[in-house]
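See below for the structure under consideration.
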Amino acid sequence: MKSRISYLTVAILLIGLSTLSAQDQKIGFYESDFILEQIPEYQGIQQQLDLLSSQWKEQVTGLEQEIKELEEDYEAKEILYTEEIRKQRQQEIAQKKQEKERFLAQKFGPEGEYFSTQRELLEPIQRQVYTAVRAVAEEQNFDFVFDRSGDIYMVYANNEYNLNEDILLELGIELENQ
């Protein structure tokens, strides 16, 4: 019985100490999307990526038009074709569709050119932002800093702990009064 009481007492003390410890922690947040939009180089990179993307989308549109024309031609002349020619035309349409799918995967797939180019161009800027976040967090003694732009959903955040302006200042960017 005494050992249960002493275990219970120790458990209550540990919970109490962890609660006190948690109250001493300082938590801040920032919005990476907002920070990136304020960086002039980011705008240029975004325009570069948009241009690249629109050129590839035009090529996809061209392939789709070719497929449509092949299908329409096949449907219009299907009854005139022999079985052998019918199979050739169907195969030609299928190859054109595969070509389009390969192109899409090569350009826009998870390992495609768009994302590798985006990663390559944005990495230096993201590294700068990370370094600035770390510097601000260490300077202001934050224990945790969350990026509110990502998948973390904050129901409430006191604006007092918003580090956007401090991070921008660390990056050498001053906001005009908003």
Dipole in debye (nearest 20) - the stretch 51-178, about Cα centre, beta carbon charges: Lys, Arg +1; Asp, Glu -1: 580 debye
Check the straight Cα-Cα distances from residue 100 and name the aspartates and glutamates below 14 Å, setting aside those fewer than 8 residues away within the same chain. 58, 64, 66, 92
Stretched out fully, how many nm does the piece from residue 43 to residue 97 gain, at 0.36 nm a residue minus the Cα gap? 16.0 nm
From fewest to most C-beta neighbours within 10 Å, the residues 31, 64, 123 line up as 123, 64, 31
If all Cα-Cα distances of the stretch 40-89 are sorted into 5 Å bins from 0 onward, what percent lands in each bin, rounded to whole numbers? 4, 18, 14, 12, 10, 8, 9, 6, 7, 5, 4, 2, 0
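All of the numbers you see were taken from the coordinates with simple rules; none came from a lab. Because the structure is predicted, anything quoted here is derived from the model rather than measured. Heads up, the Cβs are rebuilt from the backbone with ideal geometry, glycines too, and the neighbour counts pull from every protein chain shown.
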